[in-house]
Structure formats: structure tokens, C-alpha cells
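The values are calculated or read from the model by the stated rules, or taken from the named source; none is laboratory data. Model, not experiment: these values are computed from the prediction. Cβ placement follows ideal geometry from the backbone for every residue including glycine, while neighbour counts extend to all protein chains displayed.
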Amino acid sequence: MTTKIAVYNQALLDCKQRKLSALTDDAKSRRLCDQVYDGAVEYCLEAALWKFAIRTQRIDYDESFTKKFGYTYQFVKPTDWVKTVAMCSDEYFKSPLIEYDHEAGYWYADVQKIYVRYVSNHTDYGLNLGEWPQSFADFVSAHMADKIVGELTGSDQISAEVAGVLKTREGTAKSRDAWNQPQRQPAPGNWSSSRGTGWRGDRGNRSSLIG
């Protein structure tokens, strides 16, 4: 679990600057953090399919839409949508929806309802700092530092160091998030399937020495 001031202070430490005591400090560093914070979080949320930020919704078609050509139904994208993880025609996400299109704030398809799993910037999902893994919080801090280091320090050396930190932390956050994916039972291949269903010979005799 992290906090906004912790994210700010890590960004400032990355820039080799003094930490804030509160988010109300009258300091240039705090004002610069304020300016870049929202954009930094949005940028980082767009960078991967973060599991802590994933939300699932069923969306019914927009009844006010009148088809002129193409797909029959229109769907309004959720206001908290950042990036699509999966779109299916069933609630169990077993039937991926292949035939669809998207324009601006809408999706279009030939089914009357869609099931969408997406990265969300809702306060209960992507913007819920209490759910952020530490690696993601560090990624956001590094991105903020990269945005403010030039104006804050005027040092090319520190700017280069911050750029390196950002690259490392982004990679760490993505790899740790990937490791958090639950393992799925692999589908049987042709060889194992044939062993299970294709051959019906003698399976052995319990009273025999040959099993």
C-alpha cells in the first residue's frame, strides 16, 4: 500500500531533492509534482495490462444508435476505460469477440451485448493507491521524476540517472505483474489426447505381473 505523498517523495528522492513533509508544502518541488502526477499515473496505467487495475463489465447496446452502414450495434465505452484486456460475447470470457470495431468513445459489433475486461482508472481500480503494488508505485514515481528533473535540478547527469531508473522500474513493474498471473491448466496436445481417447487396448491385469 502506498500514498500520494510517498509517491511524490520517491520522485523527489530520485531527483536528489529534499522530501516534502505534507502535500500542502509551499515548495516548487510540490507544485511540479502536482502538475505531472495525473498524467504520470495515466501514462503508467496505459503501459501494461495491470492486474490490480482490471475491471469487468457487461455493456448493452446503445438503443439510440441508428445504423447507417457496417456493424449493427453501438456500445458506449466506460468513462474509466484506459486499455482493453479482452472483449467477449459471453460472461465467462470463453468466446472472444473477433468481429468488432472502435471509434472515439464507442465500440461497434453485431451482438446486442458485450463483455469487456479492461484497465480502469476508476478510484476503486487503477486510481486506488491502496491496491498499487510497490513496483507500480515506484514506476509512477520514476516517471514523475523524469518529467520534473530538468526544471528542478538543471543537471544533465541527474536527468540521465533518472532516465535509467525509469527504464529499470518500468521493466520490474511489468515483469512482477506478469508473474502474478495465475497458472492455467494447459489444453491437452494431440499426443496426450490420443492416449486418453484414441486407443482402447488392454490396460493391464491386476493379477498379472505385467501392468
Might you check whether a residue that is modelled with pLDDT under 95, exposed (fewer than 13 other Cβ atoms within 10 Å of the Cβ) and out of contact with any Lys or Arg (no Cβ under 8 Å at 6 or more places or on another chain) occurs anywhere in region 151-174? no
Kindly provide the set of residues from region 57-85 that are in contact with a Lys or Arg (Cβ under 9 Å, 6 or more places away or on another chain) and either surrounded by fewer than 14 Cβ atoms within 10 Å (Cβ to Cβ) or modelled with pLDDT under 95 (or both), ordered by number. Gln57, Arg58, Asp60
Can you name every residue in region 1-31 that is farther than 21 Å from Arg169 by Cα and in contact (Cβ under 8 Å) with a residue 60 or more places away in the chain? Lys28, Ser29
Taking the criterion of being at pLDDT 95 or above and closer than 30 Å to Lys77 by Cβ, would at least one residue in region 181-201 satisfy it? no
Would a scan of region 130-140 turn up a residue that is assigned to a loop (DSSP other than H, G, I, E, B), in the same structural domain as Gln17 (by TED's automatic domain parsing), modelled with pLDDT of 95 or more and of a type in the set (A, V, I, L, M, F, W, C)? yes
Tally of residues being crowded, with 16+ Cβ neighbours inside 10 Å, of a type in the set (A, V, I, L, M) and more than 16 Å from Lys67 (Cα to Cα) across region 86-128: 6
From the residues in region 99-128 that are aliphatic (A, V, I, L, M) and within 21 Å of the chain's Cα centre (by Cα), which one is farthest from Tyr61 (Cα to Cα)? Leu127
